[in-house]
Structure formats: C-alpha cells, structure tokens
Amino acid sequence: MTTTRFAPSPTGYIHIGNLRTALMNYLIARKAGGSFILRIDDTDPERSKEEYVDAIKEDLTWLGLTWDRIERQSERLERYEAAAEALRASGRLYEVFETPTELDLKRKKQLNMGKPPVYDRAGLALSESEREALRAERGGYWRFKLDHARIEWNDLIGGETSIDAASVSDPVLIRADGQVLYTLASVVDDMEMGVTHVVRGADHVTNTATQIQIIEALGGTAPGFAHHSLLTGPQGEALSKRLGTLSLRDLRARGVEPMALLSLMARLGSADPVELRSEMAELIEGFDIARFGTAPTKFDEADLVPLTARILHGMSAEEMDADLARIGVPEAERAPFWEVVRENIETRADLEGWWRLCLEGAEPVIDAEDAEFVAEAMALLPETRDADTWSAWTAQVKEKTGRKGRGLFMPLRKALTGMERGPDMGALLPLLKTIRARG
C-alpha cells in the first residue's frame, strides 16, 4: 500500500514551504488510495511545544488535509535506541568528542589546503582509554560511518541522482545529551511505518543520500524519494526571511480561501498551468509528481487574491450563510445582499464593510461642481425603495436636470456609497437603510 507522511517539528507554525511538502505527500497517498501519516517530530523537548502541535493539526484541518493516523516521535525513543544499538554492533555508529570550535578549526585547515571540509574520522582512531578520558571532561556524541561509495537513486522529480559519500561528513545521529536527531529517527519511522514515498525539499538531497545508507545498514529498503524545488519570492529572492509572515494561519487571517491556496500549490512549479479547483477530489485526480521540475519556483502571495475572489464569487448564499449571519444580516435579506455584493469582494472580511454601508450609509463624496445637482437629486429620492427605484429615480433626475451618462450616474453613486465603483446600483439601492447624502 502506498504510504506517505508529513513530519513537521512543533517548533513554530506551518508556513507555505511546509505546505508544499505536506500537500504533495497527501495527494500521492490519496490518489493511490493509500495512507497519509501525520508524524510529529518532537524529539527536541526544549524547542517542541504543544501549542504548535495543536496549530499544525488546526492548519491541516482548515485545508482539508486529513491524516489517517498521527504518530509522535517522542513516544518512540526506545525504537531509535534499538536502531542505534544495532548500528553500534555492526560498527557503523561511532562516538566522537570534538567541540564545535575544534571542528571549525579542522574545516578551516582543510579549506586552506584545498580539501573538502569533511569530518576526518578522528574518533575512529581513539583507544578505549582515550574515549574514557574524553567522556570524563565532555559529552560524546555519535556519528554514522558512511560507506565511501557513490549513493544513487532515481528521484521521482529530479531523475537519476547520485552523491559521492566521500564528499560528505559522517552525519551526527545522536547528540551528546542523548537526543536522537532527525536523520536517524526519520529512517527508523519510515522503515517501521511502511512509508513508500518521501517527498521533501531539494535542500534534503544530501540528507537523503546518507539516509539511504542508514536504511540499508539497518536491513531495510529505501522508499521512493522526490525532492521538490525550493520556493523563492516573485523576483527570485530567497523566501527564508519571509516565511514567518507566510504561515498558514497568517494567510488564513488575511482571508485566503483553502481551495485557492491548494489550487495554486498543487500546480506551482509543475509543467501544468494553475487551475482553480473547488473540490479536493479534483486536485487529487489531476496531480502527477512527474510533472514537477527542479528549478527554483517563484511564489507570489498576490496570486492568491484573485483566486480567493473567484472561489467566493462562485459560492451560493446558502454556502455563505454562516458568514452572513455572523455579521448580522437578517435571514430574509441574506440572499439578496449576497447577490448584490458577491462580485465586489476579495475576501470574506469584505462582507462586513458592505453590510455596514447598508446599515449606516456612507460618508458622501460630492465634488464641488456636483453639490447643487446632488442636493436636487436627493430631494427626489423616495423614502421607500425597490428594484425599480434606481432606474425610475435617475430618469426623473435626468429629466429635471438635463444630466445624462457618467455625469448623471457617477455623482449619485459617489454620494450614496462614497465610492466610484461597486455593485449594480439598482440592486444595491433597496438595501440601503441609511442615506447620509440626504443631509
């Protein structure tokens, strides 16, 4: 069975980059009728917070990315220790003691000599008595001994990919304080949970190479890997400094609709055009990981504005009923109000401003040259208004003042709504309960 996972660390809110990974894994699993696991990477007790676990669940639920089961790495520590013991027994996990300062000096020396800054495996040359002496003064940590061969795999996005293991430092798997790092925990989980496909960012390519060797050292078979391109800003600039403002909860607060966001992210960086979808099933059916490329992908938050507007414009009054009720629109007026304003909103938050206009009226915008004309027109506006009032009223005003076209209609729209554009005035006028331009 096809099984994928999304494994966020609960150290912050999910951002747009995380979503790309989560969505691709979700769509692969759902298209194959498989299983999607939400796996919380909470092995770091200092940085992991329960509020972020709750936020991750809330954000995924908002988007409709439902998981089949949830796992927590903090509850699987004994499994990681068992794997570590197996690697120690086979000679693939060894203890080292260099401080960050000592490692930095080694790297600088290697670079000055024109050599790649790869860990020199000094820890392997230590005698047991030397290790004991070092343990007495500092904590030891553990590195995986890579087999210095070329690591190859057929990436589901990048195609044939290979890394020379000799060019990579033996990865640290366990810190001096005993904390198991992602590289080992992820391998153990993927093996034991039957994960068949792993989709993640291109910044994980080297990490994937080392994990393939760890999987093989533990007697497992590597899953299919796919490394999607990294997102940039609209001008190709790095997004890393902006990801904090591109959290899913911030986008939600700014009124982005879930299907607008998902429709964009399900195609961004692929050979296929972005197509607005209204149902998750359509996204699942149209998803093909092979259609994505490796070039950096531009993400522009502004693209979500018209997509969100189009989603809302296609909704019925019944679908918007809860929002209309929330801002106080009486049940009998919800359908006509929605039909009037639906094409004039970009987000749900815009509804409140239009309803306030209906209830309280707008501050009139009247140009000096139109003041006398507007006063004369307002004197002719009937107290009771229906769908025919606008056309009958403007015809009467035209006859009396001689104005026509834009010179007739624009000053009246600005006086009634404070704006130069907006809904059809014939439909809006009956909903205006207060008209300040009357004076």
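The values are calculated or read from the model by the stated rules, or taken from the named source; none is laboratory data. No experiment lies behind these values; they were computed from the predicted model shown. In this analysis, Cβ positions are derived from the backbone assuming ideal geometry, glycine residues included, and neighbour counts consider all displayed protein chains.
Observations, loosely collected:
- Looking across segment 396-426, the residues that are more than 16 Å from A362 (Cβ to Cβ), in a helix (DSSP H, G or I) and touching a Phe, Trp or Tyr at 6+ places or on another chain (Cβ under 9 Å) come down to V397, T401, G407, L408, G426.
- Criterion violated by G33 - all others in (1) closer than 27 Å to G269 by Cα; (2) in contact with a helix residue (DSSP H, G or I) (Cβ under 8 Å, 6 or more places away or on another chain); (3) surrounded by fewer than 16 Cβ atoms within 10 Å (Cβ to Cβ) satisfied: (2)
- T21 being among the polar types (S, T, N, Q), within 25 Å of G178 (Cβ to Cβ) and touching a strand residue (DSSP E or B) at 6+ places or on another chain (Cβ under 6 Å): no
- Cβ separations smaller than 9 Å between residues 6+ apart or across chains give the following pairs from segment 23-46 residues that are closer than 20 Å to G12 by Cβ to residues that are in a strand (DSSP E or B) and polar (S, T, N, Q): N25/T4.
- Residues satisfying the stated conditions in segment 427-439, i.e. under 22 Å from D367 (Cα atoms) and either assigned to a loop (DSSP other than H, G, I, E, B) or among the charged types (D, E, K, R) (or both): L432, T434, I435, R436, R438, G439
- Subset tally (residues that are touching a residue at least 40 places away in the same chain (Cβ under 8 Å) and part of a helix (DSSP H, G or I)) for segment 355-365: 4
- In summary, helices (runs of 4 or more DSSP H) completely within segment 279-344 and bearing 2 or more residues that are surrounded by fewer than 17 Cβ atoms within 10 Å (Cβ to Cβ) and small (G, A, S) occur at 321-326, 331-341.
- Qualifying strands (runs of 3 or more DSSP E) (wholly inside segment 135-251; at least 1 residues being closer than 25 Å to A29 by Cα): 150-155, 159-164, 197-201, 224-228
- Filtering segment 386-395 to residues that are outside any helix (DSSP H, G or I) and without any contact (Cβ under 8 Å) to a residue 40 or more places away in the chain leaves only D388.
- Test: residue in segment 356-372 that is assigned by TED's automatic domain parsing to the domain that holds E339, modelled with pLDDT of 95 or more and basic (K, R): yes
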